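Reviewing the structure listed below.
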Amino acid sequence: RQVLLISTPRDYYVPLSISGGVRDKLTHAGIYGVDVSKDTLAMLYGIDIDYYFRVNFSGFEKLIDSLGGVTVQSDYTFDAGGYHYEKGANHLNAEEALAFARERYSFAEGDRQRGRNQMAVITGVINRMLSPAVLNDFSGLMEGLEGSFESDIPYDGLAGLVRMQLSDGGAWNIVTYSVDGTGKRASTYSMSSSVYVMEPDQDTVDHAKELISQVENGGGEVLEAAIQT
């Protein structure tokens with residue numbers, strides 16, 4: 001019953017799994033396929049990543065609609081995409097949630113805050129999914145979303161989680177963390193010209209590794225304390 005969400009900036013300057021140690025922007029890993037993105041993140045955090053989930057904008061909206069909207073906690077009051085968001089709880093439909101997740105220009109921290117907002121939406125989705133009303137129609141939900149996303153997570157694994165939640169109930173411990181870095185210009189594996197990249201702050205990467213290790217070892221209260229510290 002632990003979920004740790006880690007936001008990694010798309011401009012993170014890291015070796016790709018196929019680049020032989022030459023660094024590139026993390027977002028460029030996607031050029032070479034989802035497995036390269038997955039394996040590059042696994043290298044960065046020193047872990048094995050078993051599965052992936054990938055969704056596009058239309059699939060994102062379909063997911064939010066299928067849940068009847070989600071409640072999202074916003075760090076700021078701001079406007080984006082023709083919608084208004086208040087600091088605190090906001091119940092969002094699909095279009096509002098997508099605009100919330102995409103916005104970066106309203107914030108001094110730009111893409112960093114966008115990453116936090118995306119984790120806030122994922123948290124809202126998880127909390128909505130804990131509802132028995134949603135879980136009791138899990139098969140129908142999955143059928144309705146067919147073709148809207150890509151994943152290699154086995155259906156039986158998801159169904160097992162659903163059965164466990166319906167049987168036991170209760171909340172999950174959801175914690176978010178963002179790694180950070182410093183902007184600069186550099187050449188990359190995919191582009192010979194100088195482009196904007198983010199030099200990783202190794203202290204934040206190491207802290208993320210520590211949190212991952214705590215989740216894998218089942219330390220709930222310790223994980224929350226580590227985040228607050």
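The values are calculated or read from the model by the stated rules, or taken from the named source; none is laboratory data. In this text the structure is predicted, and so the values were computed from the model without any measurement. Every residue, glycine among them, receives a Cβ derived from its backbone with ideal geometry; neighbour counts consider all protein chains shown. Ligands, DNA and RNA are excluded from the accessible area calculation, which covers all protein heavy atoms including side chains. Shrake-Rupley method; radii C 1.70, N 1.55, O 1.52, S 1.80 Å.
Against the main long axis of the alpha-carbon atoms of the chain, helix 57-66 sits at an angle near 20°. The heavy atoms of GLU143 offer some 130 square angstrom of accessible surface to a 1.4 angstrom probe.
For LYS38, the aspartates and glutamates whose Cα comes closer than 14 Å to its Cα, not counting residues fewer than 8 places off in the same chain, are ASP48, ASP50, GLU150, ASP152. Across the cross-link table entries LYS25/LYS184; LYS25/LYS87; LYS87/LYS184, which are compared at the Cα atoms, the separations over 23 Å belong to LYS25/LYS87; LYS87/LYS184.
Shown here for segment 2-75: trypsin sites (Lys or Arg not before Pro) in loop regions (DSSP other than H, G, I, E, B) with at most 15 other Cβ atoms within 10 Å, namely ARG10. According to the calculation over all Cα-Cα pairs in segment 73-229, the P(r) per 5 Å bin from zero is 2, 7, 12, 14, 16, 17, 16, 10, 4, 2, 0, 0 %. Per-residue surface analysis assigns VAL125 an accessible area of about 30 Å², computed on protein heavy atoms at 1.4 Å probe radius. If you sort SER7, SER58 by accessible surface, 1.4 Å probe, largest first, the order is SER58, SER7. Surface composition of the chain: carbon plus sulfur atoms contribute 50% of the solvent-accessible area (1.4 Å probe, protein chains only, all chains present). The trypsin sites (Lys or Arg not before Pro) of segment 92-181 that DSSP puts in a loop, and whose beta carbon has at most 15 other beta carbons within 10 Å, are ARG104.
Taken over the Cα atoms of segment 1-75, the convex hull encloses 144 Å³ per residue.
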